[in-house]
Each structure stands twice: as structure tokens, then as C-alpha cells.
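Novice: Before anything else, here's the structure in question.
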Number of protein chains: 4
Amino acid sequence: MIKKIGVLTSGGDSPGMNAAIRATVRTAYTDEIAVVGIRRGYSGLLDEEFIDMDYSSVGGIMEKGGTVLRSSRCEEFRTEEGRTKAADLLRSNGIDALVVIGGEGSLNGAKLLMDENGIPVIGLPGTIDNDIAMTDMCIGVDTCLNTCVETIQKLKDTASSHERAFVVEVMGRNSGYVALASGMAVGAEAIIVPELPVDYEAIAEKIWNERKRGKINCIIVVAEGAASAYTVARHVEHRIGYETRITILGHIQRGGSPTAFDRVLASRMGYASVKALEEGKAGMMMSLNGGKIKGIPLEEVLSHKKELDMELMEMAKILS
Amino acid sequence: MIKKIGVLTSGGDSPGMNAAIRATVRTAYTDEIAVVGIRRGYSGLLDEEFIDMDYSSVGGIMEKGGTVLRSSRCEEFRTEEGRTKAADLLRSNGIDALVVIGGEGSLNGAKLLMDENGIPVIGLPGTIDNDIAMTDMCIGVDTCLNTCVETIQKLKDTASSHERAFVVEVMGRNSGYVALASGMAVGAEAIIVPELPVDYEAIAEKIWNERKRGKINCIIVVAEGAASAYTVARHVEHRIGYETRITILGHIQRGGSPTAFDRVLASRMGYASVKALEEGKAGMMMSLNGGKIKGIPLEEVLSHKKELDMELMEMAKILS
Amino acid sequence: MIKKIGVLTSGGDSPGMNAAIRATVRTAYTDEIAVVGIRRGYSGLLDEEFIDMDYSSVGGIMEKGGTVLRSSRCEEFRTEEGRTKAADLLRSNGIDALVVIGGEGSLNGAKLLMDENGIPVIGLPGTIDNDIAMTDMCIGVDTCLNTCVETIQKLKDTASSHERAFVVEVMGRNSGYVALASGMAVGAEAIIVPELPVDYEAIAEKIWNERKRGKINCIIVVAEGAASAYTVARHVEHRIGYETRITILGHIQRGGSPTAFDRVLASRMGYASVKALEEGKAGMMMSLNGGKIKGIPLEEVLSHKKELDMELMEMAKILS
Amino acid sequence: MIKKIGVLTSGGDSPGMNAAIRATVRTAYTDEIAVVGIRRGYSGLLDEEFIDMDYSSVGGIMEKGGTVLRSSRCEEFRTEEGRTKAADLLRSNGIDALVVIGGEGSLNGAKLLMDENGIPVIGLPGTIDNDIAMTDMCIGVDTCLNTCVETIQKLKDTASSHERAFVVEVMGRNSGYVALASGMAVGAEAIIVPELPVDYEAIAEKIWNERKRGKINCIIVVAEGAASAYTVARHVEHRIGYETRITILGHIQRGGSPTAFDRVLASRMGYASVKALEEGKAGMMMSLNGGKIKGIPLEEVLSHKKELDMELMEMAKILS
């Protein structure tokens, strides 16, 4: 039986992580399970940066961006020795199970910790990239998309005033989800994703046609992993003589008070993670699946690659 | 074969309706189908307020709240004679099919128009109440929730400054969805919905406990259809002596530039409605179903009642 | 010489009060003057709710709405006995001077405390009503105006969709400033302020003319102290048959993260209050005066009434 | 007597320009003066891109970022021949006077047009840099500051999560105003402006001290004209071993719906420009001067340099 749970956030932070921490702590509190907050992800676990958390310690955090437990990337935990040390520290501190909120690498670390050392773990998908398989959405994506949309909308104002094109680089090293969804939401003339080769010819033709129809601005959204914003801009300027500017949204996509969607999603996932551990389940990621929260074996999650919805890509072209 | 489509918005407006109009028009345009925008819903249909729409007529509308086609409620269309007249006008104007964006009443009108007069119709669920069955979300709900959250967050500031309770009335005549989701997202101490009886005793006890734990504010979210905000406030003041204020969010929940989610959802639904008509389908509502857009027979949609997720209600109590 | 300063917030809270507290504390800290935070305004002063504040105790508060010191209205302090007791408590706690952030009533209390008991006080104008004389702006007004504008803009969306009029009640018991400035900023068709009699005839004519010009929405902004929103709505409906809705913005105008303007203004005023006390000045309100912060004797401030700019009222009529 | 006024926006766009256009048009309309909108600044003037504007043509534009008249920079107008041609075109189109909304370069062009060719001009200061002398604020600055603050606040979230420093580059080629005001408003640990030499030693010491006090994030705001963000970051990383990231806010600072302040300011200036022309005044810039709008001779404006408030710089250091 679970008496004490550890919770940590790991990897790049994402808005909603605090809501997940809050839900984990308060659900456990209600069920009389102790919670230990572990600072700075796996790094803090290895350094025993533990703080006891109760009902009040998570008051007023849901609305905050980032993660009050802080986060980091940790080299030592990538080694088997590191993970064994971590398991020993969890045991010697009486921590029976671990809830890990983070991206694919962090979930993989959690899985190895369990496989190698028998520590029950539950993973929550927290990443603004939406690049984790087997869940409709990750914690933080919705907030990130709204930040992109609000920001690009501002660029459209000045783009129209000066009849310019803007190339906007958004998050997404391996995944074009943020580029695709935010590009659709602002009616971008072109969306460039890592999953597909860039066809500058087609992009130029498309923009050219829009211009002939009278459009006085042009937005191209490019995922950071797909192409350099500078390269894209050069192509646009060169091929169609459009005065082009570049904006790299960067880390502002990570911050901000989470949206309603992310608060609710993260709350549900945090709640479900404690309930799963209480039922003796482990080695799972909590996943949003058609409106329901389900536990999916981490093995399954990590052996799949999140696919980009190619029909949406087609649709985006038609609608812009 | 479909050569000309009519599109209208009906009933209470909701953010994202413009994105749905845009997607309908541009998808049809790409497939060489003409689109006629019908102003003021069924009212405008009966008055022949028709405007030809092409690619450019929907430029720059996606980001706007409300509906550029305007909306209304129409008594005449509730009669069989009204609907027959409408069908005649559609036919005499060469309009082969109708896309209707609106709430349950509007979809019901569309269904009757088809059943009685054979006009192919597709419905899109557009209402901030999220009270339409068989779809995970309706167009506008996500924006409405974020407006509620931003607004209630402001009330929390002043509630804390003055150590007050606030009773906030949100949309939802028959459905507690907006109250539940926004209440969860702001960590409301109590959420009152039409689907459940109000237990003032339990609410008072809960608030009392929070106060003893040191909370210096208290938010109670009540759906307009569940109880009067004034009654709720009186109970809270009377039972626990908390200085209480009331805020009725009202129509600000209807407006605002749509969120990324609503823009993408509405775009997908508008796109799907044209594709469905092209494939000879009709009498359906486009529905969000586990991340996919599916057509569901209007008959099925309208014979079901949207249920409130009772597990979420329980969860909300534990987390706040 | 001043060794210890007390700071409190009093009356209705306003966004930016935290920035003023922060600036007061940090300026004093740098100059090696101790600061005592007094909770709940004059009430907490009489109850000796004192907390020592240093550099770190005001970290991260600038961005928050409301006031971390909380606020209240206090009957006892309105009596001479109450103020004498307060002065005694300040002296017995070694507090040499008091910085009071609040509205006219609170500043008046501060003045009396000084006049009667010789406690050096500095007042900062903190109120969203902008009804304090001798200062261009009060702390919180700018944030309040932006909240009004964002909210009314949402109403315009739905007003246009349904071709309706909206009567929006904003703050301002004795002062029409918020109504006038926010009304101008949203292009309201009519602005009703306490400083002028309401001319329903003229309003109706104006709205009627706008409608004939093709406007499909109508916004009337009314200060709470000028007329009941319901009365205004009845007049509009009755005289010109416009379907009219009412929205009372209420307490959401008090909250929200302060704007850049309010943060800078409050910071400058908090800073100036400490510098003034160090220079031996007291009995003054810090005022924004043509871009400069100046100390104005409280006597002068309190013997003047803030006038509404009648030229702006005329302008608003011409521009809408 | 003035019968027809031309209005144009020139140089970099700024939020609020539309409110200024609207006010110019509607004030003239009320006084029965015709208005010609000139597209694309001086460029469009030389190309005779004229559009007649009346009351309705400026409906719904106040809330929009950018400028509906569009803008550009124009080489030809920098020559005397260009300006003479422009004057001839104005005369041959019956345009008696010109209202120019733009930055210093644009106002200078306006002044030369008047000096050389006798065309009455009024300038309105529209630039987000706030680098025009003799006016407290320029149109667009307040919106720009709020965009900076909201954006940097998001960076603070992720900075705290990862205990990082961020160097944020904001607008300001010759002026540190935006860096100073936004830096103060977010509590930046260092603010780097073009008006002062960069003292990396002092910055490093300051940050080091903050860290020892327990601060887990660090924000450095740098005006684009003061130093390269990369250079600053290298210094911070090198001197104190802080993991540092860079964000260049870029063009998003230009866009966005204008704040209440910018809408009111721009409206007042637009109104005043028409009134001034009606009174036979010209060769002036409308200026915000201690809460009042005043006309200042362009000669005086252009012969002064906007000074940075050095006391504010000192204050910013003390408060952060």
C-alpha cells in the first residue's frame, strides 16, 4: 500500500505543471497519503532536495506558469548507476512511488527507474511540443498555442501596415504540431513542419496567388526543427520579392498563466495518477483519450511516435 | 450534385462562428461550389437576406468574436409553414443545401427543414453552453471558459485583499458544464450546477473548513440555471458570516477573439460540413469525437441529453 | 530622523498597490530604514497586525492584483479616540512615520492622524475611480480602464451579432472619469456621468442617427453613481425600440495584474514617499503632475474636488 | 479656410494610429471638412493613392493595431523635388492641409513640406520608441510597454523554473525609454540603454547579490540600440556562470489592439489636429503635456532631443 508519493517536474517546463502538482498533492492529501515534492527534477532527486507538501503548500499555484518545483535536465540520471542511486534514496526516504511530469525523455527515465529498480512510477505528459504518442494533448500545449496565436496576431497588424511577409519560428524540434495548429488558427499562408520536406516552389506560388487576390500580409509559420527562419525568409524574398521579417517566438511560448483547458487537463491527470497508484497500477502514463483520462503503459507510449495529422495539413492549405 | 450552399448562424452567438463560416466558404470555393451567406439566421432566410460569398469575403474574420452573418431567434421558422416557405426560397435561389451553425434549437430547426422539405442540411454545434449531446465540445465553449477564468481570477485578487467571498454567475441554463470547468480551473470552493440539487449545508461546511485552513478568499461559481446568485450569497453570509459579493458575468462570456482551440475546431467542422455535403451526406451534425470530426445523425444528437461528468464534480471538490 | 516606516493599504483595493508597497519597502531598505507592513488598513493598525518587511518580502508581488497587505474599511479610526490609539500604537512600536495607500477617505484619515497626533504621514492616491484631486492619475485607474475596454469590446462582438444595444455600468460613484475614458476608448454611443444631468432625449436622438448610418451595435457606458443601468436600458428600449441588454462590470474592475503604467506610477510614488519622509516632509500626497511626481499638501488635495474634463465629454460625442 | 484635409501615416506603424485617423476624420466630418486618406505614407502621396473618407469609413478601426492607411518609408520624399511634387499633387487635388502621423523622420518631412511649399501641416507623434521630444508620450508607446511586460512576465515563469537568466531585447534604437519603463515594470535586474555606457562589472555584481538573496531568475532588458543581446548574455554567463537565454521581442511590440491610454491619447491628438487647422494654426506637433494636448512648433520639437529620465534609471536599480 502506498503511504508516501514523490512528485517531480522534469525537462522543459510547460504551463499547467503546477496544476498537475496541485492535483497530485491534494488528491493524495484527501486520501491520507503523504506527498514529497522533489525539486529540480531528477537532479534534485539525486541531491535529496525534498520538501513535504500538504494541502496548503499548493494554494494559489494553479494559475502560475512554469513549475514551482522547478525543473532541470540531469545527466547522471541517464546512467543506470544514477537511477539505482535515485531508487535507493526514494526507498530510504520512505517514498513508495513517483509521479513524473515531463516530456518523452523524462518519461523514459521514469520507465527505466521502474524497470530496473522496481519503483512504481506514473508519468504525466508535460511538454508544449505535443510530441508524445498515445495522448490527444500534453499539458501546456493549449497555452502555448494561444500564446502563439496572440503573438502572431500582433505581427499580422504590422505586417498589413507595411505589406510585409513574416516568417515566425515556433516550438517543435521533431514535431510540427504547434506550427500546424497555430498556423491554422491564424490563417498562415504556409506552414513548415519537420515531418514533411519543404517545398519552396509551392509556398512561393501560394503566396503569389494570395497577393494577386489582394492580401496585404503574409504569415509563414515554421517549426524550429523544420527549417531555419532565415532560410525561409531568403527564399520568400528572393522568389517573390516580398519584404520579409523574422520573429522567433522562443521561450515566451513556455510561460504564461495556463489556459482553462490546461488547468483542467493537468488537474485531471494529477488526480488520476494518485488514484492509479492507489489501485496498484504503475508503469503508466496518464493520457487524454477522447475526453477521458486513461492509463497507457509507458512501454506502449514510448515505442510509438506521435504522427502529424496530414489531413489537417491539407485543410490548412485550403483554408488560408 | 451540390452547386450552391447556404450558410447561416442562428441563436445565441458564440466565438468561433466566424471561423466556421470562413472554413465553409473557402472549402466550397476550392471545390468550385458557390456559397450564399444568409444574414440573421432563419429570420434572414425568410427575408431573403442573401449575400454571395467568395474566398475574399471571409478574409480577416477568423479572429473576430461574434458572427459576421449576425444571428437571431425566429418565431416564424418554428412553424411548418415558415419552414416550407424557407425551403421554397432556398430552391428558388438555387441553394442546394444548408449549413446551420448554432445551438440545439437551431439544429432542431435544421432537422425539421430537411425532414419536412427534403433540403439537405448539416449542423455545426455552436453554443457556449456545451449542452449539445454527442460532441466533446461545441464551438465557443473554450473561449467562454477562458473568459470566465480570466475574469474570476481578477475577482480572486480583490476577494483576497478584502477577505471576501464572491458568488459568480456563469452561463448554463440547463447545463453545468461552464460552471464546472471554469470552477475547476480557478479552484472554486463550491460549484453549483442545474443537474444537482444545491446542498447549502455542505457548501457552508466546506467553506468553513477552508477558512480554518487559512484561505482568505472564497469563490463560488453558479450556473445561471441552478440557483440565483443572490440566494447563494445570502446563504453564505447567513451561515458563515462571510462578507459576500456577487458578480454576474453575463454577455461578456459570448464575446472575444476565439481561442486557438475554437478556431481550429470551428475550421475543421466547417471544412467537414462541405466535404460531407459533397459526398451526399446530410441530416448530420459535425461532432468532435476523441480528436476526430465525425458526422452524427441529427436525430441521434437531438434525442440525447448532454450529461454532466459527475466524476469531475467529485474531483473539483477534492482539489479545491 | 526616520528609522522605521509603517505602510498600509486602506479602502477599496486597486491594482498597483503591491507595486507601491514594494517600492516603499525597497527604497527604505536601501536607505537602511526599517519597514513594518500593517495588515488590513487602519483596522490592522488598531489590532497591531504588524509584519516586518525586508527586501525579499516584496519579491514577486508587483505583478499581482489586489494588495498583499489586504485592506478594509475601519469605523473606529473615524473617531478621534481611534486615531489617538493608533498613534500610540505606532509610537510604542517605534514606527516614526506612516505611508498610507488608498482613496480619499483613507487620505483624510491619514491627515487627521497627523494633525491630531503629530505622526508624519505620506499618502499615495490608490483608487480605480480617479476621483482624487491634484493628481493626473491614481494608482489602479489605468488597469481598471483597460479591463473595462477589453470587456466592453467583448460585448461589442455579441452586440453586433444580435444588433443590440448594451448598457454597461462601470465604477464611479461621484466621478465619471472611468465612464468617460473607457467610453471614449470603445467609441461608446453615449456616456453617462454623475457630473452632468442625463439627457435621454439627446441620447436617443444620437443612437437613432447612428442606426440610420448603419451601425449595428450600440454601447452606452454609465457610471454607477449617475443612473441605474436598468433605467437607462428602459429609456433606450422605450424611445427607440432597440433590444437592450445590461452588464454590470462590478468588482472585476478592481482586479487583474497591473498595467505597465500602474506599475511604474506606483513604483515612483512609493519611492518618492520614502524620499520625502527622509527629507523631513510629511502631510503630503504624492501626485502625478505632468509626468513628474510631486508632493502636494494633503490639505490642498482634500479641499479640492476632482473635476471632469468637459472638453473630453464633448469630444467623445463627436468621435463616436 | 480649410475645406479638405489629407491624412497619412508614415514610418514604422504603432498601435493607436487608427484611433488618430478616426478622430481626424470624424472631427473634420462634424465640422464639414472633407478628408482624404492617403495610403502608404509619403509614397502613396506621390502616387496619388487617395481615398475619400467619411464618418463610416473609420467605423470599427479604433481597436485595431497597425494602420488601415498602411505605411512606408519613402526615399523620393527626402528630396526637395519629391516634396515639391507632393505639394503640387495636394494642391491639384484640392487638399488644403495635411495631418501626418509618424515618427521623427516623418515629422521632419512634414515640416520641410510646409517650409518649402507652404502646405499647412500638423504632425502627430506616432512611434513606439517614445523618442520624440516635447511630448510626454507618443501614440503607441503605452501599448508597446504592455506587450513587453506581458511577454517578459512569461519569460520570468520559465526563467524561475529553470533558474536561468534571460536577456530580452526591446525596441529603442536611440532611446532607452521602452527598456527603462518595461524593465522597471517587470522588476528587471538590469536595464541597458543607449544613453549610458554599459557597465558589465556593475551588472554582474548586482545579479550576483540578487542570487545570494535567493532570487531564482534574472531578467536583463536591453534596448536594441544599446548592445547586442548576445554580447550581454555572454558577459552574464561568463562573469557569473548563469545559464542565460536570449529573447528578441521584435515586431510583436508594434502590433496589438491599442490600450485604453493609446486610444484616448490618439483620439485627443487627432481631434486637436483638426481644431488647430481650423484655427489657422500649422507647422505644429500635437503634444501631451501634463495631461493637456498642446500644439508645439515642429521646429522646436525637432531641434530637441528626448532625454532619458536619469532619476528613473537610479530608481529602477534600487527597486529591483
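The values are calculated or read from the model by the stated rules, or taken from the named source; none is laboratory data. Just so it is clear, the model here is predicted, and its values are computed rather than measured. Here the Cβ is made from the backbone with ideal geometry for all residues, glycine too, and neighbour counts use every protein chain on show. For accessibility, only protein heavy atoms count, side chains too; no ligands or nucleic acids. Shrake-Rupley method; radii C 1.70, N 1.55, O 1.52, S 1.80 Å.
Novice: Looking at C:V149, C:V167, which is the one that is assigned by TED's automatic domain parsing to the domain that holds C:V221, touching a residue at least 24 places away in the same chain (Cβ under 8 Å) and out of contact with any strand residue (DSSP E or B) (no Cβ under 9 Å at 6 or more places or on another chain)?
Specialist: None of the other options fit; the residue is C:V149.
Novice: Among the residues of the range D:218-255 satisfying the criterion of being assigned to a loop (DSSP other than H, G, I, E, B) and open to solvent by less than 10 Å² (accessible area, probe 1.4 Å), which is farthest from the other protein chains (Cβ to nearest Cβ)?
Specialist: The selected residue is D:Y242.
Novice: Select from the range A:26-77 the residues that are open to solvent by 20 Å² or more (accessible area, probe 1.4 Å), assigned to a helix (DSSP H, G or I) and within 14 Å of chain D (Cβ to nearest Cβ) and list them in ascending order.
Specialist: Within the range A:26-77, just A:S43 meets the criteria.
Novice: Taking the range B:169-189, which residues are more than 18 Å from B:R211 (Cβ to Cβ) and not in a helix (DSSP H, G or I)?
Specialist: B:E169, B:V170, B:M171, B:G172, B:R173, B:N174, B:S175, B:G176 - these are the residues of the range B:169-189 that are more than 18 Å from B:R211 (Cβ to Cβ) and not in a helix (DSSP H, G or I).
Novice: Looking at the range A:204-217, which of its residues are open to solvent by less than 60 Å² (accessible area, probe 1.4 Å), among the basic types (K, R) and over 33 Å from the mean Cα position of the chain (by Cα)?
Specialist: Matches in the range A:204-217: A:K215 only.
Novice: On to the next question. Regarding C:A282, is this residue assigned to a helix (DSSP H, G or I) and surrounded by 19 or more Cβ atoms within 10 Å (Cβ to Cβ)?
Specialist: no
Novice: Give B:N117, B:N18 a once-over and let me know the one that is open to solvent by 20 Å² or more (accessible area, probe 1.4 Å) and either within 14 Å of another protein chain (Cβ to nearest Cβ) or more than 21 Å from the chain's Cα centre (by Cα) (or both).
Specialist: Of B:N117, B:N18, the one residue that is open to solvent by 20 Å² or more (accessible area, probe 1.4 Å) and either within 14 Å of another protein chain (Cβ to nearest Cβ) or more than 21 Å from the chain's Cα centre (by Cα) (or both) is B:N117.
Novice: Under the condition of being in contact (Cβ under 8 Å) with a residue 60 or more places away in the chain, away from chain C (no Cβ under 12 Å) and over 21 Å from D:R173 (Cα atoms), which residue from the range D:285-317 is most open to solvent (accessible area, probe 1.4 Å)?
Specialist: The extreme case among them is D:E299.
Novice: Can you name the residue in the range A:195-217 that is among the β-branched types (V, I, T) and within 30 Å of D:L69 (Cα to Cα) and is also farthest from the other protein chains (Cβ to nearest Cβ) among such residues?
Specialist: Only one residue tops the list, namely A:I203.
Novice: Is it true that some residue in the range D:206-217 is over 30 Å from C:T143 (Cβ atoms), touching a helix residue (DSSP H, G or I) at 6+ places or on another chain (Cβ under 9 Å) and not in a loop (DSSP other than H, G, I, E, B)?
Specialist: Checked the range D:206-217: at least one residue is over 30 Å from C:T143 (Cβ atoms), touching a helix residue (DSSP H, G or I) at 6+ places or on another chain (Cβ under 9 Å) and not in a loop (DSSP other than H, G, I, E, B).
Novice: Let me ask something else about it. In the range A:16-35, how many residues are of a type in the set (S, T, Y), over 23 Å from A:R254 (Cα atoms) and in contact with a strand residue (DSSP E or B) (Cβ under 8 Å, 6 or more places away or on another chain)?
Specialist: Summing the residues that are of a type in the set (S, T, Y), over 23 Å from A:R254 (Cα atoms) and in contact with a strand residue (DSSP E or B) (Cβ under 8 Å, 6 or more places away or on another chain) in the range A:16-35 gives 1.
Novice: Is it true that some residue in the range D:178-189 is under 23 Å from the mean Cα position of the chain (by Cα), more than 9 Å from chain A (Cβ to nearest Cβ) and more than 21 Å from C:A20 (Cβ to Cβ)?
Specialist: Yes: one or more hits.
Novice: Here's another thing I want to ask about it. Working carefully through the options A:M171, A:M134, A:M114, find the one that is in contact with a Cys (Cβ under 7 Å, 6 or more places away or on another chain) and either within 30 Å of A:D88 (Cβ to Cβ) or modelled with pLDDT of 95 or more (or both).
Specialist: When all the criteria are applied, what remains is A:M171.
Novice: B:F166 passes all but one of (1) within 13 Å of chain C (Cβ to nearest Cβ); (2) in a helix (DSSP H, G or I); (3) farther than 28 Å from B:I21 by Cα; which number fails?
Specialist: Status for B:F166: all satisfied but (2).
Novice: Looking only at residues in the range A:189-211 that are under 17 Å from A:E243 (Cβ atoms) and of a type outside the set (D, E), which one is modelled with the highest pLDDT?
Specialist: Here the answer is A:A190.
Novice: Of all residues in the range C:91-114 being open to solvent by 10 Å² or more (accessible area, probe 1.4 Å) and in a loop (DSSP other than H, G, I, E, B), which is nearest to C:K306 (Cα to Cα)?
Specialist: Residue satisfying both the conditions and the ranking: C:G103.
To keep it simple, each residue is scored yes or no on (1) over 18 Å from C:A97 (Cβ atoms); (2) touching a Leu at 6+ places or on another chain (Cβ under 8 Å); (3) not aromatic (F, W, Y).
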{"position": "C:V36", "(1), (2), (3)": "no, no, yes"}
{"position": "C:G44", "(1), (2), (3)": "no, yes, yes"}
{"position": "C:D54", "(1), (2), (3)": "no, no, yes"}
{"position": "C:S57", "(1), (2), (3)": "yes, no, yes"}
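Novice: Tell me whether the range A:259-267 contains one or more residues that are open to solvent by 20 Å² or more (accessible area, probe 1.4 Å), assigned by TED's automatic domain parsing to the domain that holds A:T67 and farther than 23 Å from A:A179 by Cα.
Specialist: The answer is yes, given that some residue of the range A:259-267 is open to solvent by 20 Å² or more (accessible area, probe 1.4 Å), assigned by TED's automatic domain parsing to the domain that holds A:T67 and farther than 23 Å from A:A179 by Cα.
Novice: Hey, can you tell me all the residues within the range D:120-163 that are more than 12 Å from chain A (Cβ to nearest Cβ), open to solvent by less than 10 Å² (accessible area, probe 1.4 Å) and at positive phi?
Specialist: D:N130, the sole residue that qualifies.
Novice: Oh, and also: Given the criterion more than 14 Å from every other protein chain (Cβ to nearest Cβ) and touching a residue at least 24 places away in the same chain (Cβ under 8 Å), identify the matching residue among B:G109, B:G103.
Specialist: One residue alone meets the criteria, B:G109.
Novice: What about C:A202, is it hydrophobic (A, V, I, L, M, F, W, C), closer than 25 Å to C:R173 by Cβ and not assigned by TED's automatic domain parsing to the domain that holds C:T67?
Specialist: Yes: the conditions hold for C:A202.
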